[in-house]
Amino acid sequence: MARLQCKCGETMWNGQSPNDIEVWCYTDRQLDEILANDNISILELADLYSYNVWVCPRCKRLYVFDRSDHTKVRCIYALEKED
Ligand SMILES: [Zn+2]
């Protein structure tokens with residue numbers, strides 16, 4: 001459980017489960033492996049992700065966290081255009 005202040009001023013918090021802040025990203029290869037194993041537990045699934053990404057609900061910036069250090073933001077993407 002953590003909080004992160006977005007550059008737009010929004011405070012994000014992942015303390016609720018489920019929440020709309022965190023997005024778990026898997027590569028296509030990982031997804032194939034996951035789908036091939038129909039007995040995978042939620043705990044195993046949660047450990048296979050490539051990236052943990054937080055999405056700011058206000059400005060839609062993406063904060064990508066370091067896989068080895070969940071407290072370290074690896075990179076930030078800002079929205080250029082929204083339809
Ligand atoms: Zn924001």
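A compact table of results
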item	result
Rel. contact order, % - alpha carbon contacts under 8 angstrom, at least six apart, region 12-83	25
Within the chain, GluC sites (Glu not before Pro) in DSSP loop having at most 12 other beta-carbon neighbours inside 10 Å	GLU80, GLU82
Karplus-derived HN-Hα couplings along region 39-52 (A = 6.51, B = -1.76, C = 1.60, θ = phi - 60°), whole Hz, x at Gly and Pro	10, 6, 7, 5, 5, 5, 4, 5, 8, 9, 4, 8, 9, 9
Cβ-isolated cysteines (cut-off 4.7 Å), the chain	CYS25, CYS75
Along principal axes, Cα extents of region 1-64, largest first, whole Å	42, 21, 13
Residue-wise HN-Hα coupling along region 60-67, computed from phi with Karplus coefficients 6.51, -1.76, 1.60 (Hz; x: Gly, Pro)	6, 4, 10, 10, 9, 8, 5, 5
Fraction of beta bridges assigned by DSSP in the chain that are antiparallel (%, nearest 5)	100
Amide H partners (placed H, <5 Å) of ARG74, local residues excluded	VAL64, PHE65, ASP66
Loop sites in region 1-48: chymotrypsin sites (Phe, Trp or Tyr not before Pro), DSSP, at most 16 other Cβ within 10 Å	TYR26
Inter-label distance for ILE34 and SER50, nm, one decimal - labels placed 7 Å from Cα along Cα-to-Cβ	1.2
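Read the figures in this text as sums done on the coordinates, not as results from a lab. Just so we're clear, the structure is a prediction, and the values are computed from it rather than from any experiment. Backbone-built Cβ (ideal geometry, glycine too); neighbour counts: all protein chains shown.
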